[in-house]
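Right, one structure below, let's go through it.
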Amino acid sequence: MEFHHVSILLDACLDALCIKADGVYVDATTGGAGHSLGIAERLSDAGRLICIDRDSEALENAAHRLRDVWQRVTPVRSDFRQLDAVLHELGLAEVDGILFDLGVSSPQLDHAERGFSYMQDAPLDMRMDQSQQLSAYDVVNGWSREELRSILFDYGEERYAPLIAAAIERARAQKPIKTTLELVDIIKGAMPKKALREKQHPAKRSFQAIRIAVNDELGAVREAMDKAIDCLRPGGRLAVITFHSLEDRIVKTAFQAAAQGCTCPKDFPACVCGKKPRVRLMPRKPILPDAGEIEENPRARSAKLRVCERL
């Protein structure tokens with residue numbers, strides 16, 4: 001697979017990380033390596049960039065794309081929820097900055113064989129880590145109707161989730177659903193005609209929901225945020241790009257909790273919990289792509305960048 005990935009909010013991320021030439025940084029979601037390249041180019045050979053991804057093809061691409069700065073790069077195949085363990089194995093207690101880009105890499109969406117796209121026919125897969133067992137085939141054909149309804153509604157915000165879940169259950173009772181376009185046809189057949197006339201592809205929300213379930217994306221984000229904050233040295237920055245409201249809510253909540261400090265009731269005369277703020281928000285509100293970036297790359301439309309600095 002050849003990656004042609006357009007990095008979203010690239011300049012904003014690089015500025016937010018406040019990169020020091022001799023610092024140590026982590027790109028926890030290497031993907032197309034565009035952000036990695038931007039970070040590595042700002043480092044001297046005394047600096048270090050750790051590139052983490054659970055997709056082996058992404059790391060193979062990174063080795064090619066970062067070839068001119070490879071002496072500054074340490075590639076690690078791992079899930080970003082294991083960030084603390086990765087750093088421990090590398091002999092690092094703290095780093096100067098960490099970046100998470102929680103969007104699916106464009107090549108994963110665009111290359112049919114990965115099964116992420118509702119526009120091209122492929123086996124139902126959607127695994128970011130090709131070594132894991134659970135795939136979209138297992139979810140679509142093995143999970144109960146109620147489980148399917150729940151993920152379609154919660155992860156995809158699909159208002160026709162009950163109809164789609166019921167249609168999937170009926171279809172798989174006849175024969176297993178094996179390909180992406182088979183699933184697309186079932187989704188379309190379950191939706192009212194007015195929904196099929198909407199600008200957005202009728203299968204988009206359902207495919208997003210199944211992808212999130214297959215890869216446990218929300219669980220991974222929740223687990224990674226506190227670990228990432230603990231891995232920063234004082235003054236270190238954490239930058240997180242989200243594309244989904246549920247992801248953004250997790251990140252926002254984690255940042256606010258870390259910035260809050262004392263959790264005692266407001267009517268207590270003095271603090272008894274002893275909790276101190278661990279970060280400051282930089283800025284308090286998310287950074288959004290401008291109109292020019294959205295026009296150039298429509299996938300940027302839903303992106304939000306949140307940044308905090310370790311105290």
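Tell me whether the range 14-32 contains one or more residues that are within 19 Å of V221 (Cα to Cα) and polar (S, T, N, Q). Yes - at least one qualifying residue is present in the range 14-32.
Here is a yes/no grid of residues against (1) at pLDDT 95 or above; (2) of a type in the set (K, R); (3) closer than 10 Å to T180 by Cα:
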position: D110; (1), (2), (3): no, no, no
position: F116; (1), (2), (3): no, no, yes
position: D121; (1), (2), (3): no, no, yes
position: R127; (1), (2), (3): no, yes, no
position: Q130; (1), (2), (3): no, no, no
position: L134; (1), (2), (3): yes, no, no
position: Y137; (1), (2), (3): yes, no, yes
position: G142; (1), (2), (3): yes, no, no
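Exactly one residue among L102, L87, L83 is touching a helix residue (DSSP H, G or I) at 6+ places or on another chain (Cβ under 8 Å), on the phi < 0 side of the Ramachandran plot, at pLDDT 95 or above and crowded, with 19+ Cβ neighbours inside 10 Å, and that residue is L83. Which of (1) in a helix (DSSP H, G or I); (2) under 20 Å from G235 (Cα atoms); (3) not charged (D, E, K, R) is the odd one out, the single condition V86 does not satisfy? All conditions are met except number (2). Scanning the range 202-240 for residues that are under 17 Å from R149 (Cβ atoms), open to solvent by 10 Å² or more (accessible area, probe 1.4 Å) and either small (G, A, S) or touching a Cys at 6+ places or on another chain (Cβ under 6 Å) (or both) returns a single hit, A213. When you check D68 against the structure, is it acidic (D, E) and out of contact with any Lys or Arg (no Cβ under 7 Å at 6 or more places or on another chain), yes or no? In short, yes.
Looking for something assigned to a helix (DSSP H, G or I), open to solvent by 60 Å² or more (accessible area, probe 1.4 Å) and under 21 Å from S131 (Cβ atoms) - is there at least one such residue anywhere in the range 19-41? Within the range 19-41, none of the residues are assigned to a helix (DSSP H, G or I), open to solvent by 60 Å² or more (accessible area, probe 1.4 Å) and under 21 Å from S131 (Cβ atoms). The single residue among L152, L181, L163 that is touching a residue at least 12 places away in the same chain (Cβ under 8 Å), buried (at least 19 other Cβ atoms within 10 Å of the Cβ), part of a helix (DSSP H, G or I) and out of contact with any strand residue (DSSP E or B) (no Cβ under 6 Å at 6 or more places or on another chain) turns out to be L152.
If you check D267 against the conditions, is it open to solvent by 60 Å² or more (accessible area, probe 1.4 Å), on the phi < 0 side of the Ramachandran plot and at pLDDT 95 or above? When the stated conditions are applied, D267 does not pass them. Within the range 184-194, the only residue that satisfies the criterion of being in contact with a Pro (Cβ under 6 Å, 6 or more places away or on another chain) and either among the charged types (D, E, K, R) or surrounded by fewer than 16 Cβ atoms within 10 Å (Cβ to Cβ) (or both) is K188.
Here R54 meets the list (1) in contact with a Phe, Trp or Tyr (Cβ under 9 Å, 6 or more places away or on another chain); (2) farther than 14 Å from S7 by Cβ; (3) open to solvent by less than 10 Å² (accessible area, probe 1.4 Å) almost entirely, failing just condition (3). Give F255, F243 a once-over and let me know the one that is under 20 Å from the mean Cα position of the chain (by Cα), of a type in the set (F, W, Y) and open to solvent by 30 Å² or more (accessible area, probe 1.4 Å). Every option except F243 fails the conditions. For K199, the conditions (1) surrounded by 14 or more Cβ atoms within 10 Å (Cβ to Cβ); (2) at pLDDT below 95; (3) not hydrophobic (A, V, I, L, M, F, W, C) all hold with the exception of (1).
The residues on offer are R67, R77, and the sole one that is at pLDDT 95 or above, surrounded by fewer than 19 Cβ atoms within 10 Å (Cβ to Cβ) and closer than 17 Å to A220 by Cβ is R77.
The values are calculated or read from the model by the stated rules, or taken from the named source; none is laboratory data. Worth saying up front: this structure is predicted, and the values here are computed from it rather than measured. Cβ sites come from the backbone with ideal geometry, for glycine too, and all protein chains shown count toward neighbours. SASA here: full protein model, heavy atoms, side chains in, ligands and nucleic acids out. Shrake-Rupley method; radii C 1.70, N 1.55, O 1.52, S 1.80 Å.
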